[in-house]
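J.: Submitted below is the structure of interest, expressed as structure tokens.
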Amino acid sequence: MSASENTKIERLRNYSSVFSRSVFTDIIKYNDFSRLNSLFSKYNVSLKSTKTYADYLKYLYRNIKKGYRCEYVYKNELINQLLLKKYGTKNTIAFNEFRVGESIADFVLFNGESKAFEIKTEFDTDKRLQQQLKNYSKLFQKCFVVIPVELVTQYKGSISKNIGIISLSLVKDRVVLNEVREAVCNQFIDTTILMRSLRTSEYKNIVTAYFGHLPEVSCFEMFDACEEYINQIPLSDLNRLFLVEIKKRKNSTHLLKSLPAEIRQICLSMNLSKKEIPCLLDKLNQPINL
């Protein structure tokens, strides 16, 4: 790689670092735009069309979409193209980094079904992928890998045919997601994985909803006793009760459509509230002030 290419990659990597929890926390809590100001001063001070911080974020995102498709771009486009356009947010909720046993799924959706998405960008390896997918398949009804279009053939030959494949490509400066292979629906739930993915109140609610009462044991024995009870629930009922409990979690999915397309992923990741979002948008619409 030439020196100029290295410099370009470094610049794009710096652009991508803006879409982080720490940067947006500083903006929301402290009106601190120092990270954006620093980037603008270093690389983009001559940009005439960029007047506000919102304009600048659009510019940054447009550039990383074209030249540095990191995990943020993949997650953000799953929101823009799959969640909002295909499923909608009326009956669907999404989460980032959902714990599944010893693994953490990159992105998950819950509507009538549970879906897990593992992202492997061009910068990632597939070192842990088999174990990750094995774990996800023990909890989610449908599992997908989301990969660069150039790697479809490679992944098709190395992962189970039950796993769906979604490719990401750049077509005329536009990111396109394409479902190359549908996931096979799985009704199996491993209760050991399930118990370690739920909160205490959630597994208690599942037991109470199905059996009408909790086990009469001490708090120290409650986890094991609830796991024994849940083991007895038919899988179709368990899937339904699992979805019911997850949908009760505090979540900002229903607010995503009101946000600029470039920042939906970071706002979902931070689980911003109905009060915080207008505050953020007001701050981003301020003129850039160096």
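We did not get these values from a lab; they are worked out from the coordinates using the rules stated. From a predicted model like this one, the values you see are computed outputs, not experimental measurements. Cβ sites come from the backbone with ideal geometry, for glycine too, and all protein chains shown count toward neighbours.
J.: Only loop residues by DSSP count here, and only those with at most 10 other Cβ atoms within 10 Å; note down the trypsin sites (Lys or Arg not before Pro) in region 60-168 that meet that.
T.: Working: sites: Arg62, Lys65, Lys66, Arg69, Lys75, Lys85, Lys86, Lys90, Arg99, Lys115, Lys120, Lys127, Arg128, Lys134, Lys138, Lys142, Lys156, Lys161; in loops: Arg69, Lys90, Lys120, Lys127, Arg128, Lys138, Lys161.
Sites meeting the loop and neighbour criteria: Lys90, Lys127, Lys161.
J.: If the cut-off is a Cα-Cα distance under 16 Å, which aspartates and glutamates reach Lys51, setting aside same-chain residues fewer than 8 apart in sequence?
T.: Asp282
J.: Rounded to the nearest 500 deg cm²/dmol, what is the calculated helix-only ellipticity per residue at 222 nm for the chain, with -39500 (n - 2.57) per DSSP H run of length n ≥ 4?
T.: Values: 13 runs with 119 residues, N = 290.
Helix contribution divided over all residues of the chain: -11500 deg cm²/dmol.
J.: Would you mind calculating the relative contact order of the chain from Cα pairs under 8 angstrom and at least 6 residues apart, reporting the percent as a whole number?
T.: Taking the mean separation of contacting Cα pairs over the length of the chain, I get 21 percent.
J.: Further, regarding this structure: Using a 10 Å cut-off around each Cβ, can you sort Ser38, Ser252 from fewest to most neighbouring Cβ atoms?
T.: Lowest to highest Cβ neighbour count: Ser38, Ser252.
J.: Here is a follow-up. Once both axes come from the Cα atoms, what is the angle between helix 3-16 and the longest principal axis of the chain, in degrees from 0 to 90, rounded to 10?
T.: Once rounded, one gets 60 degrees.
J.: Among Cys185, Cys143, what is the fewest-to-most ranking by other Cβ atoms within 10 Å? Mind dumping the intermediate values first?
T.: On the way: Cys185 10, Cys143 29.
Final ranking by Cβ density, sparse to dense: Cys185, Cys143.
J.: Toward the positive end of the charge dipole of the chain, about the Cα centre and with charges on Cβ (Lys, Arg +1; Asp, Glu -1), which of Tyr203, Tyr53, Leu272 goes farthest?
T.: Tyr53
J.: When only DSSP loop residues count, what GluC sites (Glu not before Pro) in region 210-245 have their Cβ near at most 11 other Cβ atoms within 10 Å?
T.: The qualifying sites are Glu216, Glu221.
J.: Right, another one. List the chymotrypsin sites (Phe, Trp or Tyr not before Pro) within region 219-259 that DSSP assigns to loop and that have no more than 12 neighbouring Cβ atoms inside 10 Å.
T.: Within region 219-259, the qualifying chymotrypsin sites (Phe, Trp or Tyr not before Pro) (loop, at most 12 other Cβ atoms within 10 Å) are Phe220.
J.: For region 1-74, what does the relative contact order come out to in percent, with C-alpha contacts under 8 Å and a separation of six or more?
T.: 45 percent
J.: Per Stokes-Einstein, at 25 °C and 0.890 mPa s, what whole-number D in µm² s⁻¹ belongs to the chain, with the Kirkwood radius over Cα pairs as the hydrodynamic radius? Working shown, then result.
T.: Numbers: Rh = 20.9 Å.
It comes out at roughly 118 µm²/s.
J.: To continue, here is another question. Just to confirm my numbers, what's the Cα centroid distance between region 86-105 and region 117-167 in Å?
T.: So the separation of the two Cα centres works out to 16 Å.
J.: Kindly express, to the nearest 10 degrees and within the range 0 to 90, the angle between helix 53-67's C-alpha long axis and the longest C-alpha principal axis of the chain.
T.: Here the helix axis deviates by roughly 80 degrees.
J.: Express in whole angstrom the spacing between the alpha-carbon centres of region 248-288 and region 1-74.
T.: A separation of 18 Å, based on Cα centres.
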